[in-house]
1. Scan the range A:59-76 and tell me whether some residue there is open to solvent by 40 Å² or more (accessible area, probe 1.4 Å), within 16 Å of residue A:205 (Cα to Cα), under 14 Å from the mean Cα position of the chain (by Cα) and in contact (Cβ under 8 Å) with a residue 24 or more places away in the chain.
2. Tell me, which helices (runs of 4 or more DSSP H) wholly within the range B:1-96 include 1 or more residues that are within 9 Å of another protein chain (Cβ to nearest Cβ)?
3. Yes or no: the range A:14-37 includes at least one residue that is at the interface with chain B (Cβ under 8 Å from one of its Cβ atoms), of a type in the set (Ser, Thr, Tyr) and out of contact with any Ser or Thr (no Cβ under 8 Å at 6 or more places or on another chain).
4. For the subset of the range A:146-198 comprising residues that are polar (S, T, N, Q) and farther than 22 Å from residue A:112 by Cα, which member is surrounded by the most Cβ atoms within 10 Å (Cβ to Cβ)?
5. Sort out which residues of the range A:42-56 are closer than 19 Å to residue A:87 by Cα, in contact (Cβ under 8 Å) with a residue 40 or more places away in the chain and open to solvent by 30 Å² or more (accessible area, probe 1.4 Å), and write them in order of number.
6. Going by what's in this entry, would residue B:153 be described as more than 29 Å from residue A:24 (Cα to Cα), over 22 Å from the mean Cα position of the chain (by Cα) and touching a residue at least 60 places away in the same chain (Cβ under 8 Å)?
7. Sort out which residues of the range B:97-111 are part of a helix (DSSP H, G or I) and open to solvent by 30 Å² or more (accessible area, probe 1.4 Å), and write them in order of number.
Amino acid sequence: MVNINRLVLVLLVVAVASAILLAEINTITAPKIQASQTAYKLKAVQKVLPPYDNQPAADRQVIPVTGGGPAEAKVELDEELGKEGVVVYPAYQAGKLVGEAYSVISHQGFSGDIEILLGVSPAGRVTGVEIIAHAETPGLGAKIVSEASWKGKAQVVGRSLSESLVVKKDGGEIDAIAGATISPRAVCGAVKAGLEVYNQAFKDKVPAASPAAPIPTAAAPQGAHS
Amino acid sequence: MKLSAVLTQGLWKENPTLRMMLGMCPVLAVSTSATNAIGMGVATLAVLVASNFTIALVKDAIPAQVRIPAYILMIASLVTAVDMAMAAWFFELHQTLGLFIPLIVVNCIILGRAEGFAAKNTAFASIVDGLGMGLGFTLSITTLGCCRELLGNGSIFGIPLLGDAFKPMLLMVLPPGAFLMLGLLAATMRRVDMALEARARTVAEGRRQRALDLATGGAPIPMPPGFE
């Protein structure tokens, strides 16, 4: 005769022990994971923006936009500021706005969404592109992450909406990757969509002059925030 | 069984990947590059050692009727713990492997060893078994990853080895390449085994011949009529 009570009790003990273990580990790792994610994003922010002397993370703005389409600016909830919208990291040099960085998501990746961080100058030109998250095939589409394996990543820099932001295979000017056209095409699409959002929604939304007094360069060297 | 035998059987004789063909999903999906493969291997190794140890410790307290759900719960908790630890301390690797780490839960090597070994052996022997099986898995998936990356991308661990003249076989980093390479590796392993067996046979044959020579004083054994 099987004692049901004993079976239930054993499973209960195992479940409770597992839950306690996971809760403990979560308390230890959660702040570290959060910090890694923020650091990862801020490193990308620094790469896509022109030289600046402010702290883009501290000066960030949340701008509400309506998304949609195959590629769109990433709308997220900024818990610290308590606002929902596109998080824009502005770059100021000597108190003057020189660029803005924000995330754009393309839904046209080979396997899943591709999130890029796009840097745009006030004139509406690309100042840099970094891939934040993707699930492309390693060794193929995943080559979009580095300039060494995908020349197109550097080729889009300096372009505005009036110039070609299309891969060569589709009749444009941007190099694709042999055997993996879909991933570069998705990134180009995201850059284009990001610039469109910039012209429609972001232009003039971010203060053209630094909200805080410029930090003396000696105290905070260019881009040396963390 | 001797502990050294427990440790080594996972490496070759009962290699989980190339012999028992267990846990194929992560092997085929993650072995596109050597770095990914070794990351997956080490994560599985950690879970396997921890789960074998935990299950061997509590095996007597768990009634046979609920052992599977209890084991799965423990394995799932350990995998989640490894997942969180990786995200905290190896963030970049976690970004590439992210999707596959939770899948370790359903890797049948883990439950297979829990049922087949840890539930019947001491905690220490189970750790050794976990190490052996985990190393066997890591070695096979890393070898697979190296071969696929080398042929499909001309590099190993991201270091270009074959130069610009080499034209990568894209197929090798795509899913079919995983099956092809896995088959080739399993066949190579079998071939090595056959060669070893053949050599062992020759050695045994020679020994018997020598013993025979000794017994007959080196004279040829007379053949029975009709055998010439």
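The values are calculated or read from the model by the stated rules, or taken from the named source; none is laboratory data. Everything quoted here is computed from the prediction, not taken from an experiment. Cβ: placed from backbone, ideal geometry, glycine included. Neighbour counts: every protein chain shown. Protein only, heavy atoms only, side chains kept; ligands, DNA and RNA dropped before computing areas. Shrake-Rupley method; radii C 1.70, N 1.55, O 1.52, S 1.80 Å.
1. Within the range A:59-76, one or more residues are open to solvent by 40 Å² or more (accessible area, probe 1.4 Å), within 16 Å of residue A:205 (Cα to Cα), under 14 Å from the mean Cα position of the chain (by Cα) and in contact (Cβ under 8 Å) with a residue 24 or more places away in the chain.
2. B:24-30, B:34-58, B:67-89
3. Yes, that holds for at least one residue.
4. Taking the candidates together, the pick is A:155.
5. Within the range A:42-56, the first condition is being closer than 19 Å to residue A:87 by Cα, and the residues that meet it are A:42-50, A:52, A:54-56.
The next check asks that each one be in contact (Cβ under 8 Å) with a residue 40 or more places away in the chain; those that pass are A:42, A:44-50, A:52, A:54-56.
Of everything in the range A:42-56, those that are closer than 19 Å to residue A:87 by Cα, in contact (Cβ under 8 Å) with a residue 40 or more places away in the chain and open to solvent by 30 Å² or more (accessible area, probe 1.4 Å) turn out to be A:46, A:47, A:50, A:55.
6. Taking the combined requirement at face value, the residue satisfies it.
7. Within the range B:97-111, the first condition is being part of a helix (DSSP H, G or I), and the residues that meet it are B:97, B:102-106, B:108-111.
The answer is B:102, B:103, B:105, B:106, B:108, B:111.
Rundown of residues vs (1) touching a His at 6+ places or on another chain (Cβ under 8 Å); (2) hydrophobic (A, V, I, L, M, F, W, C); (3) more than 28 Å from residue A:90 (Cα to Cα), yes/no style:
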{"position": "A:127", "(1), (2), (3)": "no, no, no"}
{"position": "A:132", "(1), (2), (3)": "no, yes, no"}
{"position": "A:140", "(1), (2), (3)": "no, yes, yes"}
{"position": "A:146", "(1), (2), (3)": "no, no, no"}
{"position": "A:157", "(1), (2), (3)": "no, yes, no"}
{"position": "A:162", "(1), (2), (3)": "no, no, no"}
{"position": "A:167", "(1), (2), (3)": "no, yes, yes"}
